[in-house]
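Just so it is clear, none of the values below were taken in a lab; they were calculated from the coordinates. Just so we're clear, the structure is a prediction, and the values are computed from it rather than from any experiment. In this analysis, Cβ positions are derived from the backbone assuming ideal geometry, glycine residues included, and neighbour counts consider all displayed protein chains.
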Amino acid sequence: MNARAARCTLTAIMVSGLAIAALPQVSFAQSSPLIGTWKLNVEKSKFSPGPPPRSGTLTYTQDGQNIKNTTQGIDAQGNPTAGVLMHIYDGQPHPSTGGNADASAYTRLDANTLIFTRLKAGKLVAVGTAVLSQDGKTWTVTTTGTNPNGQPASSIALYEKQ
């Protein structure tokens, strides 16, 4: 085999190896069961103190290796709400918008469960868990903390996949 043929063969092997190594990450990133739109089922959810929001929608999209959660809704007074939360599963706070927080941290416990914290100006304002049902049709987000007025607040929000 001459030097040129050896280089071509080596290059082909390296490119194939890189492609094969990248496939699991691409497949895993695109296969998240969260990707899509989720609607709040207000009747099956609990908010303390009330009243509950009139509506809520979570839209999860792939953003590289992370997941972007864009929130939209109508609060109890009829005002629109919106936010963006990046699901970066490293347990470290990352910037967020909307609600009572300016940063969120996520840790994945298993394929269907994550825990999170929300912070405002570096101070913890909420903790919670989010659990995807085994059939992938409901996303239950349980949160305990304080509301924007500093009062104790908790919720169990049940979202249904659209």
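Going by neighbour counts of Cβ atoms within 10 Å, the residues Val141, Val42 line up, fewest first, as Val42, Val141.
Could you give the length gained on full extension between Thr107 and Thr70, defined as 0.36 nm per residue of separation minus the Cα-Cα distance, in nm?
Numbers: separation 37, 0.36 × 37 = 13.32 nm, distance 1.86 nm.
That works out to 11.5 nm of additional length.
The ranking of Ser154, Ser104, Ser96, Ser48 by Cβ neighbour count inside 10 Å, starting from the fewest, reads Ser48, Ser154, Ser96, Ser104.
How much net charge surrounds Thr146 when only other residues with a Cβ under 12 Å from its Cβ are counted (Lys, Arg +1; Asp, Glu -1)? Walk me through the intermediate numbers first.
Working: positive: Arg118, Lys120, Lys123; negative: none.
Summing Lys/Arg as +1 and Asp/Glu as -1 gives +3.
Bridging of Lys137 to aspartates and glutamates at a Cα separation below 15 Å is possible for Glu160, once same-chain residues fewer than 8 apart are set aside.
Once both labels are positioned 7 Å from their Cα atoms along Cα-to-Cβ, the gap between Ser32 and Glu160 label points is 2.4 nm. By definition, a body whose alpha carbon gyration tensor gives a ≥ b ≥ c is rounded when a/c is under 1.5, and segment 55-162 falls into this rounded group. Given the pairs Lys44/Lys68; Lys120/Lys161; Lys39/Lys123; Lys39/Lys68, which are separated by over 27 angstrom at their Cα positions? Table pairs above 27 Å Cα-Cα are Lys120/Lys161; Lys39/Lys123.
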